[in-house]
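J.: Take a look at this one; I'll ask things after.
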Amino acid sequence: MLPSFDAFGFLVSWGTFLGIYAILAVSLNLEVGLTGMANFGKVAFYGIGAYLAASLSVYAVLAVYHVAAAPYTTEGIIALGKYGGASPALDLGIFAASLVLGFIIAGCVGYLLTYPTLRVGPAFLGITLLAFGELLRIFLLNYQPLGASKGLSGIPHPFLWIPDPVLRERLYVLVVLGFLAVTLWFAERITNSPFGRVLKAVRDDEVAALCMGKHVPRVKATVLFIGSGMAGVAGVLLAFYMSSVNPNMFVPAVTFNIWAMVILGGMGNNKGAVVGAAIITFVDRILTFITPNLGITIITPDYVRWMIVGILIVLVLMFMPGGLVPEKPIKTPAWEAVESLEKESKEGGSGGDEA
Amino acid sequence: MTKPILEVKDLAKYFGGVKALDGVTLEVPERGVIGLIGPNGSGKTTLFNVVTGFYVPTRGEVWYAGERIDGLNPNEVFLKGLVRTFQIPRLFPSLTVLENVLLTPPRQVGERVLTAPFRSKWEEQEKELARKAVALLRKFGLGEYVRARVSELSAAHMKMIETIRGLITDARVYLLDEPAAGVAYTTARELFTFIRRLRDEEGLTFFIIEHRLEVLMDFVDYVYVLHNGRLLSEGKPDEVMSDPKVIEAYIGR
Amino acid sequence: MVNMDAYQVLTAVHIALIYAVLAVPLTLSYKTTKIINFVHINFITYGAYAAVLLYTFLGIDNVFVAIAAAFVIGGAMSVIDNVTVFEPLSRRGANVVILMIASMGLWIFYKYLMYSVLDVLSRVAKANLVSVLLRFETLPRVVVNGMPITSAFLTAAITAAVLALMLYFILEKTAVGKAIRAIADNPTLAEISGIPRGRVVNVMWFMAGGMAAVGGVLWAIFAIATPEVGDTLILQVFAIAVIGGLTSLSRTALGAFIIAFAENLGMAFLNQVFGVPTSFKPFITFSTLLIVIIAFPPLGAGGGLPYRFLRKRR
Ligand SMILES: Nc1ncnc2c1ncn2[C@@H]1O[C@H](COP(=O)(O)OP(=O)(O)OP(=O)(O)O)[C@@H](O)[C@H]1O
Ligand SMILES: [Mg+2]
């Protein structure tokens, strides 16, 4: 017997995860779908954002209220519970600062990492970024000021001062979806611009693009800066939603999850990335609602979920390489100019073509 | 002939023990159509690669329009007005023909990431470039292919578009690597007629690697012959064709 | 104290040997097919678990039986992947990135398949299969100059030597091996000269998968077997393969020694002199990886950009 199902509550929690993951998927799509950079370390930038938000907020709250305890001790966690939500201005201020810093710091790390990897092929770029992600996780696992393996908790929700938790959640989902909207708007705009054209050229043949005068290393670094920055923002949003972070939230499988969304949705299509994120997060939300009601199962449902996603991605690549929403041609005003030219030459007889 | 626009002085490029180029000196005059021939593996492509910044030369200098350009990166060389094509055409397959041409103009406003989202900032420039690109494509009989994907084109058309990509940027010098390879005889002659026309009408300079001497020799002003990374001979087409050294290199390979 | 250092060196050599067995096949498969194969992680885990399950269910504690079983399992997985996924994908013109992500899908699939199977088996066996300490003593311990040499070390040394000889013999002396090298050097030319690519590549995949799985056994009897062994070793294995430029088998083997020594002796040094906690070991690995990529950019192998950050004239 399923317990009574709170449909609206489900939608709110799904919406939040959808928003966070769709930001990640869109940013990965910019990197790999449009520019052809195999970022297998996406989780690192997501983690940087999350840990930045977590550490900034807990240390700031403790400092403001002059609590001497470290945030990962019991005393610290109790103090965070006591003072979080005490001041709306502080909570919102921390939230805003985390978002800005999360974007900048994750972006800068992405930018710096490109230096050694700009010139090497996708295999080396992928390995380096994957290794970086693992490295970061191991660092977090062992670095006591960030809570080591237990991570940090008691991150003050930006709307903690609102007494009604349901309203709090609903406000938060709007904020998250707002960020998704901005991200998607930006991604769509740059895709359908001369910049997007350069990105696709780099993806198709970076050497030829370089020979056509494009500063390919700078283009790639720019994209990794933006993509990583977006992932950082997603991490910040996650940290405040979960109110705690720990290193095991940032395993390489998360990167794979984001890739799965992009591939399922359709590589090279920003809207596709959102569709992919929506489907996979929907299934995951359903699973988290159902799993506790299944009792003890022979095989952990989570394992089955991962097996299916793993095989699904292989099948999509093999039998539906374009994904659900395949890539579309670039739309720029150039085509309007072409159309008006074509109309003119039709009106003016066959003129135009010389040869 | 007029003054040289491209000069190569004692140029050498070694790959480990392989001396792909070993002290080549040559010059390409402005508005010239100059040929570069030589047996397989004689270093022709390597010469282009060094001139266009793919490789740093082991020794020697490259001068373009009074400026030393060896050691520059390929994108910088391109921006100076030196365009190359590849032995196998390298157009961008996911872009249309028009976009392939539109891609090339440097320093477009809409190519900067911060202006790209704001259409109004670059819309005019984009339309202007599109009109210019369509005009160019039409001028050379490719008007109907504006919307075509690269994969729908014939080899000869791909090679023409590679050249047109340079035209829209006002590049002055074109290095063409085997433009007539894999192209039917009559089409190859058309391609070279096209090249001559560009030289005559636009005042461009061409430096052309070609194996099909029967086509090349009818269209070039002057020919350099490479052999084992060294200059074997040079001169007017008929002089070179009757040079015993050249005949021996081609037959005795 | 001196004895202690000798012991550390011995451990580093032991790890280096295992790393070599793990990383050389990655280089081999990359250079032949241009696929960064994440299933490599699973080969290692499945190899280790071949030993665990043989021991738990059949009581077999002969390490060489385990090694043989691991080789067959790893090799079979590897060939199956190639035939069902990689080969059809490459025939359809999938690029490096697509192949890499397909292998990532397989990695996730195999990983959780293993977890699921272990869920069932541990219920059947009523035993803990999630972290298993295997201490096979098939080979004797020996003492050289007062230094005790473990059975695991001897096993690793002998296995690595046999695999190296086998690889050398196959690649240098047999027709298949020559075909593998021809495909690695120039796939188009190899195709033109009539090399039966499909079959040859399958032989290569079998060897690569098998070797990596054997490495898993060697690791299991030295350290511990968990369903994550492959995952925990992948940073090192990739770093080592990158040192080998993903093209040179001998440089990969050298890389195994570089990484193993840097990790163990370098870490011991940093720990004693600067008090760096040993848990930061992976930083040494990653720094080595970055240094190698910056100092010797592998532009030839992975395809590179002819761009120089520092302009240079000779
Ligand atoms: N990147 C490289 N590394 C090593 N050797 C190279 C490299 N590029 C070219 N070579 C060698 O340099 C020599 C000259 O090659 P190049 O491609 O310049 O010849 P080519 O004249 O263009 O020949 P073709 O007519 O076949 O195109 C050849 O022996 C070739 O093997
Ligand atoms: Mg050539």
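The values are calculated or read from the model by the stated rules, or taken from the named source; none is laboratory data. Predicted model, so just to flag it, every value in this text is computed and none were measured. Methodologically, a virtual Cβ is constructed for each residue, glycine included, from the backbone with ideal geometry; neighbour enumeration extends over all protein chains shown. Ligands, DNA and RNA are stripped out before the accessible areas are found, and what is left, the full protein with its side chains, is counted by its heavy atoms. Shrake-Rupley method; radii C 1.70, N 1.55, O 1.52, S 1.80 Å.
J.: Is there a simple number for the mean count of other chain Cβ atoms within 10 Å of the Cβ of residues in C:77-87, and what is it?
T.: Mean inter-chain Cβ contacts per residue within 10 Å come to 1.
J.: How many Å² of accessible area per residue for chain C, probe 1.4 Å?
T.: 41 Å²
J.: Here's a follow-up. Could you tell me how many cubic angstrom of Cα convex hull volume the stretch C:181-314 has per residue?
T.: Roughly 163 Å³ of hull volume per residue.
J.: Still on this structure, please answer the following. For the stretch B:91-169, what does the equivalent ellipsoid look like in terms of its semi-axes, each the square root of 5 times an eigenvalue of the Cα gyration tensor, given largest first in whole Å?
T.: 23, 13, 10
J.: Need one value: the accessible area of A:Arg119 in square angstrom, 1.4 angstrom probe, rounded to the nearest 10.
T.: 50 Å²
J.: Just the number, please: buried accessible area between B and A, total of both chains, 1.4 angstrom probe, nearest 100 square angstrom.
T.: Chains B and A together bury approximately 3900 Å².
J.: Over all directions, the average projected area of the alpha-carbon convex hull for the stretch C:6-228 comes to how many nm²?
T.: Directional mean of the projected Cα hull area for the stretch C:6-228 stands at 13.2 nm².
J.: Which of the residue pairs A:Lys331/B:Lys127; A:Lys200/B:Lys139; B:Lys19/B:Lys159; A:Lys346/B:Lys139; B:Lys13/C:Lys34; B:Lys19/C:Lys173 have a Cα-Cα distance greater than 20 Å in the structure shown?
T.: A:Lys200/B:Lys139; B:Lys19/B:Lys159; B:Lys13/C:Lys34; B:Lys19/C:Lys173
J.: Looking only at other chains, what is the average number of their beta-carbon atoms within 10 angstrom of each beta-carbon in A:326-338?
T.: For peptide A:326-338, the averaged partner shielding equals 6.
J.: Further question on the same structure: For B:Lys121, list the aspartates and glutamates whose Cα falls under 18 Å from its own Cα; do not include residues on the same chain fewer than 8 positions away.
T.: Straight-distance partners of B:Lys121: A:Glu188, A:Glu336, B:Glu111.
J.: Could you compute the FRET efficiency for B:Ala184 and B:Asp218, with r as their C-beta to C-beta distance and R0 at 25 Å, rounded to 0.05?
T.: According to the calculation, E is roughly 0.95.
J.: I've got another one for you. Using a probe radius of 1.4 Å on heavy atoms only, what accessible surface per residue do you get for the stretch A:7-354? Whole Å² is fine.
T.: Value returned for the stretch A:7-354: 36 Å² of accessible area per residue.
J.: Could you give the distance between the Cα centres of the stretch C:118-181 and the stretch A:179-233, to the whole Å?
T.: Going from one Cα centre to the other spans 47 Å.
J.: What share of the DSSP beta bridges in the protein assembly as shown is antiparallel, in percent to the nearest 5?
T.: Looking only at bridges with both residues in the protein assembly as shown, the antiparallel portion is about 65 percent.
J.: Still on this structure, please answer the following. Can you tell me which of C:264-274, A:205-215 comes out highest on packing, and rank the rest after it, using the mean Cβ neighbours within 10 Å?
T.: Ranked by mean Cβ neighbours within 10 Å, highest first: A:205-215, C:264-274.
J.: Rg to Rh ratio, the protein assembly as shown, alpha-carbon atoms and Kirkwood radius?
T.: For the protein assembly as shown, the value is 1.01.
J.: Just report the Cα centroid separation between the stretch A:25-96 and the stretch B:115-191, whole Å.
T.: Centre-to-centre (Cα) distance: 50 Å.
J.: R0 = 25 Å: FRET efficiency of C:Leu121 with A:Thr291, Cβ-based, nearest 0.05?
T.: After rounding, the FRET efficiency stands at 0.70.
J.: Using a 10 Å cut-off on Cβ to Cβ distances, tally the other chain neighbours for every residue of B:46-58 and report the average as a whole number.
T.: 2
J.: Just to verify a number: what accessible area does C:Ser131 come out at with the full protein assembly present, 1.4 Å probe, Å² rounded to tens?
T.: It works out to around 60 Å².
J.: Please compute P(r) over all alpha-carbon pairs of chain A, binned at 10 Å starting from zero, and give each bin as a whole-number percent.
T.: 5, 22, 30, 23, 12, 5, 2, 1, 0
J.: Whenever you get a sec, compute what percent of the accessible area on the protein assembly as shown sits on carbon and sulfur atoms (1.4 Å probe).
T.: Answer for the protein assembly as shown is 64 percent, counting heavy atoms of protein chains only.
J.: Relative contact order of chain C: what whole-number percent is it, with Cα pairs under 8 angstrom and at least 6 residues apart?
T.: Reported as a whole number, the value is 34 percent.
J.: Give the Cα extents of the stretch C:212-291 along the principal axes, in whole Å, largest first.
T.: In descending order, the Cα extents are 37, 30, 16 Å.
J.: To the nearest 100 Å², how much accessible surface do chains A and C hide from each other in total, with a 1.4 Å probe?
T.: 4900 Å²
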